């Protein structure tokens, strides 16, 4: 993994982990439902940002290498699998 992307991803994951702890505390303290949902949505956005970074890394490193090695089918299969997973909610 590209070092800069790895650092960004780890930083964002640590932020998300803190948000999850805060969310847990909000639920335990019976905070207002809309505030809990708002925090939950912020966590989802943070994780989506991590996914974007990892996908960017994969496309710029692994997929490029697969294309150069004439393994286009493998690259396409992996990307489609991730795409299909992202559509399941």
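Since every read-out is calculated from the coordinates, none of them should be taken as a lab result. All values derive from a computational prediction rather than experimental measurement. No Cβ is skipped: glycine too gets one built from the backbone with ideal geometry, and neighbour counts run over all protein chains shown.
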> Using r as the Cβ-Cβ distance of residue 4 and residue 32, and R0 as 41 Å, what FRET efficiency do you calculate, to the nearest 0.05?
Replying inline: 0.60
> Roughly what would the spin-label model give for residue 81 and residue 41, points 7 Å off Cα along C-beta, in nm?
Replying inline: 3.3 nm
> Hey, can you rank 38-46, 65-73 by average C-beta count inside 10 Å, highest first?
Replying inline: 38-46, 65-73
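Give the order of 8, 87 when sorted by the count of other beta carbons within 10 angstrom, beginning with the fewest. Walk me through the numbers on the way to the answer.
Working: 8 17, 87 7.
Arranged by neighbour count, lowest to highest, 8, 87 become 87, 8.
Estimate the FRET efficiency between residue 60 and residue 13 by the formula 1/(1 + (r/R0)^6), using the beta-carbon distance for r and 22 Å for R0, to the nearest 0.05.
Values: r = 20 Å, r/R0 = 0.90.
With a Förster radius of 22 Å, E is 0.65.
Report the semi-axes of the equivalent ellipsoid for the chain in whole Å, largest first, where each axis is √(5λ) for an eigenvalue λ of the Cα gyration tensor. Don't jump to the answer; show the numbers that get you there.
On the way: eigenvalues 238, 48, 9 Å².
Whole-Å semi-axes of the equivalent ellipsoid: 34, 15, 7.
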